[in-house]
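Trainee: One structure, pasted below without further comment.
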Amino acid sequence: MFSFFKRLRGSKAEETAQAEAAQTPEAQAGDSAPAGSDTRAPSPAAAPAQARQPIAASSPSRSAPATAVAVEAVDIVPPPAPEAAAKQSWLARLKSGLSKTSSSLTSIFVNAKIDDDLYEELETALLMSDAGVEATEFLLETLRQKVRSERLTEAPQVKNALRQLLIDLLKPLEKSLMLGRAQPLVMMIAGVNGAGKTTSIGKLAKHLQRFDQSVLLAAGDTFRAAAREQLAVWGERNNVTVVSQESGDPAAVIFDAVSAARARGIDVLMADTAGRLPTQLHLMDELKKVKRVIGKALDGAPHEVLLVIDANTGQNALAQVKAFDDALGLTGLIVTKLDGTAKGGILAAIARQRPVPVYFIGVGEKVEDLQPFNAEEFTDALLGN
Ligand SMILES: Nc1nc2c(ncn2[C@@H]2O[C@H](COP(=O)(O)OP(=O)(O)O)[C@@H](O)[C@H]2O)c(=O)[nH]1
Ligand SMILES: [Mg+2]
């Protein structure tokens, strides 16, 4: 079961009901669930007066109105059913992006005997895929054990065992972004230059609007005028307000934006920041300050600190995750450019060494090219299944 966003609502009892509903086949079908089949209570953290539109489909068994105001409960919010063709197309892009890795992993198992040569070739392929030494050794060792204990004798069985191991390894990275925890929900977005921060914010804003969320953007990249303009133009085109200032301190811009979002009853505020390398210590300090100042503008904020990484940067992306996490305490990742020449194994390295959840992956420049991370889909793309 997986969904684009989740949302807080209802009571504990509802949560149990939903957990049960989640076991039903129609809930597991996720994005193909029927639309508009639910009478949904407004999120407790959301605007109290006007009842909100149901934001997405839900299982019919979850139609009891929720009147309780406890906030522990979780509502599963599948995306509006995507066009089958659109889904095919982004999956195809993911597959073609990862084709270098999948073709080498596939060829290893063709007519192969299960011997040391096979494991050696697998080791090379995993290392080449950016999985890194740690995750590669872990996968090989666990695979050998599995082959022994399950007495696997055929290469396709071993490939299937590897598939299961990869899914198990990557599964903990799968997590939905939870909406409705606070108003505004404040998300701070960080990363190196060119990773895809601003583009991802734009895509995410569009997705959020489709879920009936009002969005405000803060142009916290005050380094380059062009960056501010990029966000402003995007905002105009898409009818999203962008808070920006001619010059100055990113913390001040973002502080103002949080205040504006509070005053206007905005659901989600996303704060863009200037790209920086983790080695630029003064710039990392600036980012820590931005985070502190957001907390002063709104207690408990930022609710999400997201790092955007470019999957093509290989093992360097892992170093970025570690450094930004140490500095800021990351709550999630967006992994972009998996449609390019990325090899994909970097997610295995992250899962082993710094398992920060991957909320979204980017497989292209269009809005629908930003999709939730799904361990099984990703593994199948990696293995050419
Ligand atoms: N192919 C591809 N390009 C992307 C993706 N995400 C971002 N880009 C491109 O990467 C470039 C840098 O993106 P930008 O958002 O400006 O990066 P920022 O410096 O981190 O804000 C732009 O040309 C984007 O269109 C992706 O998932 N796939
Ligand atoms: Mg930018």
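The values are calculated or read from the model by the stated rules, or taken from the named source; none is laboratory data. Only a predicted model underlies this, so the values are computations on that prediction, with no experimental measurement involved. Note that we place each Cβ from the backbone using ideal geometry, even for glycine, and neighbour counts take in every protein chain shown.
Trainee: Could you check segment 353-371 and list, in sequence order, the residues that are more than 17 Å from Ala92 (Cβ to Cβ) and either surrounded by 20 or more Cβ atoms within 10 Å (Cβ to Cβ) or in contact with a Cys (Cβ under 8 Å, 6 or more places away or on another chain) (or both)?
Mentor: Scanning segment 353-371 gives Val356, Val358, Tyr359, Phe360.
Trainee: A follow-up question, please. How many of the residues making up segment 345-354 are under 16 Å from the mean Cα position of the chain (by Cα) and either more than 20 Å from Lys203 (Cβ to Cβ) or among the aromatic types (Phe, Trp, Tyr) (or both)?
Mentor: Residues of segment 345-354 that are under 16 Å from the mean Cα position of the chain (by Cα), as a first pass: 346-348, 350-351, 354.
Adding the requirement that they be either more than 20 Å from Lys203 (Cβ to Cβ) or among the aromatic types (Phe, Trp, Tyr) (or both) leaves 346, 348, 350-351, 354.
Matching residues across segment 345-354 total 5.
Trainee: Mind checking which residues of segment 173-198 are of a type in the set (Lys, Arg), within 14 Å of the chain's Cα centre (by Cα) and away from ligand 1 (no atom under 14 Å from the Cβ)? First the steps, then the outcome.
Mentor: In the first step, residues of segment 173-198 are kept if they are of a type in the set (Lys, Arg); the result is 175, 181, 197.
If we keep only those that are within 14 Å of the chain's Cα centre (by Cα) as well, we get 175, 197.
The one that is of a type in the set (Lys, Arg), within 14 Å of the chain's Cα centre (by Cα) and away from ligand 1 (no atom under 14 Å from the Cβ): Lys175.
Trainee: Search segment 260-273 for residues being out of contact with any Pro (no Cβ under 7 Å at 6 or more places or on another chain) and among the aliphatic types (A, V, I, L, M), and hand back the single one that is farthest from ligand 1 (Cβ to nearest atom). Outline the logic, then answer.
Mentor: Taking segment 260-273 first, the residues out of contact with any Pro (no Cβ under 7 Å at 6 or more places or on another chain) are 260, 263-265, 270-272.
Then keep just the ones that are among the aliphatic types (A, V, I, L, M); that gives 260, 263, 270-271.
Details: Ala260: 22, Ala263: 27, Met270: 12, Ala271: 12 Å.
Selected residue: Ala263.
Trainee: Let me ask something else. In segment 199-224, what residues are within 14 Å of ligand 1 (Cβ to nearest atom) and either closer than 15 Å to Pro250 by Cα or of a type in the set (A, V, I, L, M) (or both)?
Mentor: Residues satisfying the conditions are Ile201, Leu204, Ala205, Leu217, Ala218, Ala219, Gly220, Asp221, Thr222, Phe223, Arg224.
Trainee: While we're on this one: So, Val335, is that one buried (at least 21 other Cβ atoms within 10 Å of the Cβ) and within 29 Å of Leu382 (Cα to Cα) or not?
Mentor: Numbers: buried (at least 21 other Cβ atoms within 10 Å of the Cβ): yes; within 29 Å of Leu382 (Cα to Cα): yes.
Spelling it out, Val335 is indeed buried (at least 21 other Cβ atoms within 10 Å of the Cβ) and within 29 Å of Leu382 (Cα to Cα).
Trainee: Restricting attention to segment 168-223, report how many residues are part of a loop (DSSP other than H, G, I, E, B), in contact (Cβ under 8 Å) with a residue 60 or more places away in the chain and either within 13 Å of ligand 2 (Cβ to nearest atom) or of a type in the set (Ser, Thr, Tyr) (or both). Can you show your working first?
Mentor: The initial filter retains those residues of segment 168-223 that are part of a loop (DSSP other than H, G, I, E, B), namely 175-176, 180-184, 191-196, 211-214, 221-223.
Filter once more, so that each one left must be in contact (Cβ under 8 Å) with a residue 60 or more places away in the chain: 175-176, 180-184, 191-196, 211-213.
Narrowing the set further to residues that are either within 13 Å of ligand 2 (Cβ to nearest atom) or of a type in the set (Ser, Thr, Tyr) (or both) leaves 176, 191-196.
Number of matching residues: 7.
Trainee: Still on this model: Against the conditions (1) more than 27 Å from Val321 (Cα to Cα); (2) crowded, with 17+ Cβ neighbours inside 10 Å; (3) within 16 Å of ligand 2 (Cβ to nearest atom), where does Ala257 fall short? Just the number, please.
Mentor: Looking at each condition in turn, Ala257 falls short on (1).
Trainee: Now for a separate question. Out of Leu140, Leu170, Leu152, report the one residue that is crowded, with 18+ Cβ neighbours inside 10 Å, more than 16 Å from ligand 1 (Cβ to nearest atom) and either of a type in the set (A, V, I, L, M) or under 26 Å from the mean Cα position of the chain (by Cα) (or both).
Mentor: Numbers: Leu140 fails: crowded, with 18+ Cβ neighbours inside 10 Å; Leu152 fails: crowded, with 18+ Cβ neighbours inside 10 Å.
Leu170 is the lone residue from the list that is crowded, with 18+ Cβ neighbours inside 10 Å, more than 16 Å from ligand 1 (Cβ to nearest atom) and either of a type in the set (A, V, I, L, M) or under 26 Å from the mean Cα position of the chain (by Cα) (or both).
Trainee: Of all residues in segment 90-118, which are under 15 Å from Ala155 (Cα atoms), buried (at least 17 other Cβ atoms within 10 Å of the Cβ) and among the hydroxyl-bearing types (Ser, Thr, Tyr)?
Mentor: Across segment 90-118, the qualifying residue is only Ser104.
Trainee: Looking at Ala349, Ala342, Ala381, which is the one that is at pLDDT below 95, small (Gly, Ala, Ser), farther than 26 Å from Leu185 by Cα and touching a Gly at 6+ places or on another chain (Cβ under 8 Å)? Reasoning before the result, please.
Mentor: Numbers: Ala349 fails: at pLDDT below 95; Ala381 fails: at pLDDT below 95.
Criteria check complete, one pass: Ala342.
Trainee: Moving to a separate point now. I'm told Val305 meets every condition in (1) outside any strand (DSSP E or B); (2) away from ligand 2 (no atom under 16 Å from the Cβ); (3) buried (at least 19 other Cβ atoms within 10 Å of the Cβ) except one. Can you identify the failing condition by its number?
Mentor: With (1) outside any strand (DSSP E or B); (2) away from ligand 2 (no atom under 16 Å from the Cβ); (3) buried (at least 19 other Cβ atoms within 10 Å of the Cβ) applied to Val305, the lone miss is (1).
Trainee: Same structure again: Can you name every residue in segment 269-288 that is assigned to a helix (DSSP H, G or I) and closer than 30 Å to Gly180 by Cβ?
Mentor: To start, the set of residues in segment 269-288 that are assigned to a helix (DSSP H, G or I) comprises 281-288.
Listed by number, the residues that qualify are Leu287, Lys288.
Trainee: Sticking with this structure for a sec: Name the single residue, out of those in segment 224-243 being assigned to a loop (DSSP other than H, G, I, E, B) and at pLDDT below 90, that is nearest to ligand 2 (Cβ to nearest atom). Walk me through how you get there before you give the answer.
Mentor: Taking segment 224-243 as the starting set, the residues that turn out to be assigned to a loop (DSSP other than H, G, I, E, B) are 224, 239-240.
Filter once more, so that each one left must be at pLDDT below 90: 224, 239.
On the way: Arg224: 8, Asn239: 20 Å.
Restricting to residues being assigned to a loop (DSSP other than H, G, I, E, B) and at pLDDT below 90, the top hit is Arg224.
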